[in-house]
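A short write-up of the structure that comes next.
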């Protein structure tokens, strides 16, 4: 906040709204770069940077400009679909730095990834291993694989983003992994390369990740003793970010330290798959108050963003700090607004369409609000529910603003549809 209003780097958000309209996602190039550098510097401090690869989890935010920025910084990429594979390549990413995760890879996706020459498939079931072997054989290749091992460690996070427990759909059960590695080693079109583990997202305590690392390393050593030497160890991502001012998140160096201390002196290449921690706090959703609707029990501020633009509050009951960008001096009664508790809601026709509950704000109709920490799982999860065009996306670089995705037009929403032919 300076000069009476919120800024991203050297750009006033009021200027962004005037130029690009609302709702609009706004990202900071400097914040993205610093988040990546924090991982790189943590690895460097432990002497591990030269044999490590930071693979950005594309599902967090797949905008081409963001992917291109991370590619230029030297990142690899963690993908979960053929569409994400195509995006990374279109953005200039190196296919040789891509790991392909996900529980339901189709044969077409496997074939495309093999032809692109990706670094590794993170295999998540015995059936997938057999399918991948068949596909690789059909194109005359050996598929590089690691198994995503489920260590049954409680990450102490929201159940929807907890992926390492026994009841999760993800990964290979820890007790079954050794036998499946032995099976993989016998398949002529499979090349066993590594091991992968990802226990969940928005982790604020490094202890569960360190516990999972202990189990993974024990399995790596057991495999080596059986003659299956792995080339890389991938400990996934999941480091959380600060959403609430009273809930600080760890720095990358603090979060990674317990794992990196366990990896010192090992010969394997190290890999990590951060997503949210690279982009979450580097973006916000800019929105405008359309209607103030006072009531007997609750006061509503209806904004032009909605659950289709930012799904996390409706899906997870997730918290995002909401800040008033600055006074709208043209708004009626702009000088007389009093602080009140508002429900920040959108215009979508669902009772679950909210962006924040009980927020103390002094508002006028026409004011701008910033929904903070919206860089991860914001635009990536956006939809066209209620036939609403998705927002524009912009990247701030110092005092310059780049439009990195145009706002959709309503006619684009039904361009692939057709009406029925006339009878007769």
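The values are calculated or read from the model by the stated rules, or taken from the named source; none is laboratory data. Worth saying up front: this structure is predicted, and the values here are computed from it rather than measured. With ideal geometry, Cβ positions are generated from the backbone for all residues, glycine too; neighbour counts draw on all protein chains shown.
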Elements of type strands (runs of 3 or more DSSP E) in segment 308-407, at least 1 residues being crowded, with 17+ Cβ neighbours inside 10 Å and modelled with pLDDT under 95: 322-326
Some residue of segment 56-69 being over 16 Å from the mean Cα position of the chain (by Cα) and either in a strand (DSSP E or B) or closer than 25 Å to residue 239 by Cα (or both): no
Members of segment 19-34 that are crowded, with 23+ Cβ neighbours inside 10 Å and part of a helix (DSSP H, G or I): 32
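Just checking, does segment 227-246 include any residue being assigned to a helix (DSSP H, G or I), on the phi < 0 side of the Ramachandran plot and modelled with pLDDT of 95 or more?
Within segment 227-246, not a single residue is assigned to a helix (DSSP H, G or I), on the phi < 0 side of the Ramachandran plot and modelled with pLDDT of 95 or more.
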